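Student: Pasting a structure here, questions to come.
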Amino acid sequence: MFKKRKEVYKFTGRSHSVKGIISAVIGCISILSLLVLFILSGIYKGNGPIALGAAGMLVFLLTVTGFVLGVKACMEKEIYYTAPIAGMAVNGILSITLFILYVMGMFV
């Protein structure tokens with residue numbers, strides 16, 4: 001009368017990579033901190049203290065670290081690749097954006 005749910009079998013030993021999860025979390029933290037820095041820079045109308053620039057450089061180093069962790073996580077075997085690839089994409093895009101922003105700031 002009622003259909004029984006099919007049992008789900010897991011034939012693989014894959015697991016989530018800790019490095020990949022950390023990379024994705026670093027990407028989320030970087031996005032949030034970059035948005036906070038943009039808002040603070042807007043409040044100061046572009047003439048903020050040097051601490052904002054130093055915080056921006058720390059965010060840049062954080063994104064590079066997250067990208068490297070994502071690459072190292074992709075080299076592991078028998079893992080799910082969702083978190084490492086998401087972390088690599090977010091951190092890669094942010095690091096390129098921040099690098100271009102800093103280069104533009106040197107010449108303007």
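Student: Taking amide H positions as placed in the peptide plane 1.01 Å from N, state which residues far from H16 in sequence (5 or more) or on other chains have amide H under 5 Å from it.
Tutor: Those lying under 5 Å, H to H, from H16 are Y80.
Student: How do T63, T97 line up, fewest other C-beta atoms within 10 Å first?
Tutor: On the way: T63 27, T97 13.
So the residues, fewest neighbours to most, are T97, T63.
Student: Over the chain, with a Gaussian network built from C-alpha contacts below 10 Å, which listed residue (S23, S95, S33) shows the highest mean-square fluctuation?
Tutor: Ranking S23, S95, S33 by mean-square fluctuation puts S33 first.
Student: Moving on. Whole-Hz Karplus ³J(HN,Hα) for segment 54-66, in order, using 6.51 cos²θ - 1.76 cosθ + 1.60 and θ = phi - 60°, x for Gly and Pro?
Tutor: Result, rounded to whole Hz: 5, 5, x, 5, 5, 5, 4, 5, 5, 5, 5, 4, x.
Student: Based on other C-beta atoms within 10 Å, arrange C28, C74 from fewest to most.
Tutor: The fewest-first ordering by Cβ neighbours comes to C28, C74.
Student: Turning to a different aspect of this structure: Give me the compactness ratio for the chain, meaning the Cα radius of gyration over 2.2 N^0.38 Å. Kindly include the intermediate steps, with their values, before the conclusion.
Tutor: Details: Rg = 19.6 Å, N = 108, 2.2 N^0.38 = 13.0 Å.
The value comes to 1.50.
Where a number appears in this text, it was derived from the coordinates with a stated rule and is not lab data. Note that this is a predicted model, so its numbers are computed, not measured. No Cβ is skipped: glycine too gets one built from the backbone with ideal geometry, and neighbour counts run over all protein chains shown.
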